[in-house]
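Remarks on the structure that follows.
The values are calculated or read from the model by the stated rules, or taken from the named source; none is laboratory data. None of these values were measured; they are calculated from a predicted model. Cβ placement follows ideal geometry from the backbone for every residue including glycine, while neighbour counts extend to all protein chains displayed. Heavy atoms of the whole protein, side chains included, go into the accessibility calculation; ligands, DNA and RNA do not. Shrake-Rupley method; radii C 1.70, N 1.55, O 1.52, S 1.80 Å.
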Amino acid sequence: MSAPHTSTLSATPQTPSFRLIAVLGTVAMLSGLLIVLVYQWTLPTITEQKRLALERAVQAVIPGASSIETLVLEGGQLHPDSANVNGLHVYLGYDQAGTLQGIAAEGSGQGYADLVKILYGYDPACQCISGFKVVASRETPGFGDKLDRDPKFLANFQALDVQLDAEQQALANEVVTVKHGTKSKPWQIDAISGATVSSRAVGRAINDSASKLLPVLTPRLSEFAKRSP
Amino acid sequence: MQGESLSFIFLNAAIINNFVLAMFLGICPFLGVSAKLKTAGSMGAATLLVMLISSACAYGLNYLLVEFELEFLRLISYIAVIASSVQLVEMVMKRFSPALFRALGIFLPLITTNCAILGVALFQTTHEFNLVQSLVYSFGAGVGFTIALVLMAGLREKLELSDVPTVSSGLVMSLMLAGLLSLSFMGFAGLGGH
Amino acid sequence: MDSKQTPITMDTFLAQVWRDNPVFVMALGMCPVLAVTSSATNGLAMGIASTFVLIGSNLLVSMLRKLIPKQVRIATYIVIIATFVTMVDYILQAMAPAIYAALGAFIQLIVVNCIILGRAEAYASKNGVLASVVNGAGTGAGFTLALLLLGGVREILGAGTLFGIDLFGPHFQPWLVMILPPGGFFALGAWLLLFSWLKQRKTRRAELKGEPLHAG
């Protein structure tokens, strides 16, 4: 491969391009093989871990749920869960006998630093929110990160009123977060003092998600009430 | 998330969660190329350009990967796309705008190892942005990067005139400055939360 | 073409940990150093993950060093590094989902950590397999040490805990800014200030005693 005119420039011969491609191809194949092996090896554990994490989160907002069924709300309709439907995830929690214990759904609202993503529990019997849990947030440590640990704030969610209006098309009262110590109605959330923005994020997350979900969910509640255990 | 407005995505990437000062992406060029105001501006512009191109490519690529269920190749293919889009920008610029190439050219190879670029590609995937949102996001990230770089360069130019103890000169001083900048950018947090 | 193999000594490992510490001395890989060190646990996890990638990529690059033509070497190195990063990503997801959630995208961003590409190019492509692995392990240990020092200081000051264990009791008022982004810059700046002060003092003492200078 030593053309005479290159000899002045360098002593190393030109590497033929098929060799470059061959080396790159071999390395790429080798790395592909390694990645696929590790992927296959870890996949069952990862799926299991994700399922466990979801189960823990759902059980935190629906006490007594032992099995979970996932639905997806998209385009104003509830679909069974599958990979190609993207939308709001809704989880029906059943006890051992197959009776519906409650419904958990996702919500997200803009907080102080980034979106606060939550999972909240809905109790159809009292038409109220029965609990919530922060799934992801980057709120300021010491202020906005204690949302789901602050006992006074959590007291808001023992029975937060989200009943539908007469037409069953929207929430009768919008869920709003009010300044610390000024809660007067059952659909209001009393903000944590010093973390009003983060508290508002939770209120808005619940309001946005519930006002989309509940009008669709309520007429179908009787279908979901029971399932074979 | 479908609910996010475009203006908010832009503001979030550029100011509230500034890529350099809040997310710590692209620190190497931030500390390395921020000594002069003029080079800082050029570097920012070049990064912004590459960010936009690689973000669009990454979006298309991710669509293909999801379609064929090959998500585990995401990282490798993103890196390849970024490296090639840097090359592509370099070649196109050299061919059509030699003046621009002379101004930005030396920065282009540096950009490949700028984690802000890969960061944009990865974050737009985790946020499940659509194409327009992705582009706005990467534009915001690029603008944020440029703002941080230019502010830093301005501060460092001023610093050259002042008397700094030798023990704290150089990198130490730059890091302290960056800390102060980051502290002041924290004041922007909560902009979107009303 | 191998130059004559230098013997592998403890120094192959230790030089990378202390004298050529990738973070404190070379100022490389700053992004993960600042981003994930809000707690000692996160710093340690990031350090271990990066060490795995360093050892793996150094091993493979060193094994293949005679086959890789120099025109495509950077591309090859990046593919190799990305492979190991993807592996770490999945392994961590399976074994430690809580830590994976805390580190987030920064695990995948190991791929653009210049320390790793730097080691592949500057060491593994020129040295034997064993020496490269030792060098990679040393660099990884140095990187982990830096992350631990930084994460430890930030966690102690910013949250009053270390590895999640409460240190000061309930009356401690945490210095919050240390675990927020600005604290990362401040803490790293303070460490570098300490090291440069120590170095300056050493040179000055050597001058006073009239000894020849060793420190660079």
**Request:** Quick one: check the C-alpha center-to-center distance for the stretch A:164-229 versus the stretch C:112-170, whole angstrom.
**Result:** 46 Å
**Message:** Compute the helix-to-body angle for A:17-61: its Cα long axis versus the longest principal axis of chain A, expressed 0 to 90° and rounded to tens.
**Reply:** 10 degrees
**Request:** Indicate the gyration tensor shape class of the protein assembly as shown (rounded, prolate or oblate), computed on the Cα atoms with a ≥ b ≥ c the square roots of the eigenvalues: a/c under 1.5 is rounded; otherwise a/b larger than b/c is prolate and the rest oblate.
**Result:** prolate
**Message:** Using the basic label-point model (7 angstrom from Cα toward the beta carbon), what is the A:Leu221 to B:Val92 distance in nanometres?
**Reply:** 5.6 nm
**Message:** Averaged across C:29-38, how many Cβ atoms of other chains sit within 10 Å of each residue's Cβ atom?
**Reply:** 5
**Message:** Starting from the 7 Å offset along Cα-to-Cβ, what nm value, one decimal, do you get for the label separation of C:Asp166 and A:Leu52?
**Reply:** 2.7 nm
**Prompt:** To the nearest 0.05, how large is the calculated FRET efficiency for B:Leu6 and B:Ser184 if R₀ is 30 Å and r is the Cβ-Cβ distance?
**Reply:** 0.70
**Asked** 222 nm [θ] for chain B, helices only, -39500 (n - 2.57) per DSSP H run of 4+, per residue, to 500?
**Response** -22500 deg cm²/dmol
**Request:** Would you compute, from DSSP H runs of 4+ residues alone, the mean residue ellipticity of chain A at 222 nm, taking -39500 (n - 2.57) per run and dividing by the full residue count, rounded to the nearest 500?
**Result:** -11000 deg cm²/dmol
**Item:** FRET E, pair C:Arg204, B:Ala99, Förster distance 41 Å, beta-carbon r, rounded to 0.05
**Value:** 0.25
**Request:** Roll a 1.4 Å probe over the protein heavy atoms and report the accessible area of A:Lys50 in Å², nearest 10.
**Result:** 130 Å²
**Request:** Compute the FRET efficiency between C:Glu121 and B:Ser169 as 1/(1 + (r/R0)^6), taking r as their Cβ-Cβ distance and R0 = 35 Å, and round to the nearest 0.05.
**Result:** 0.75
**Message:** Rounded, prolate or oblate for the stretch C:1-106? Axes are the square roots of the Cα gyration tensor eigenvalues, ordered a ≥ b ≥ c, and the cut-off for rounded is a/c under 1.5.
**Reply:** oblate
**Request:** Evaluate peptide A:42-54: per residue, the Cβ atoms of other protein chains within 10 Å of its Cβ; return the mean as an integer.
**Result:** 3
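Provide the per residue accessible area, probe 1.4 Å, for the stretch C:3-209, rounded to a whole number of square angstrom. The partial results should precede the final answer.
Values: 8760 Å² over 207 residues.
Dividing the accessible area of the stretch C:3-209 by its residue count gives 42 Å².
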**Prompt:** For chain C, what is the calculated [θ] at 222 nm in deg cm²/dmol (nearest 500), taking -39500 (n - 2.57) for each run of four or more DSSP H residues and dividing by its residue count?
**Reply:** -21000 deg cm²/dmol
**Message:** I'd like the distance separating the alpha-carbon centroids of the stretch B:145-166 and the stretch B:72-109, in whole Å.
**Reply:** 28 Å
**Message:** Testing the spin-label approximation: label points 7 Å from Cα along Cα→Cβ at A:Asp208 and C:Val129. State their distance in nm.
**Reply:** 5.4 nm
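Of the peptides C:33-39, A:193-199, how do they stack up when ordered by the mean number of other Cβ atoms within 10 Å, highest first?
Highest-to-lowest ranking by the protection proxy: C:33-39, A:193-199.
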**Complete:** Projected convex hull area of the stretch B:6-188, Cα atoms, direction-averaged, in nm², equals 11.4 nm²
**Message:** Which of rounded, prolate or oblate describes chain C when judged by the alpha-carbon gyration tensor and an a/c cut-off of 1.5?
**Reply:** oblate
**Asked** Over the heavy atoms of B:Leu61, what accessible area does a 1.4 Å probe trace out, to the nearest 10 Å²?
**Response** 40 Å²
**Request:** For A:Val216, tell me the accessible area in Å² from a 1.4 Å probe, rounded to the nearest 10.
**Result:** 30 Å²
**Residue mean of other protein chain beta carbons inside 10 Å, B:28-35** = 2
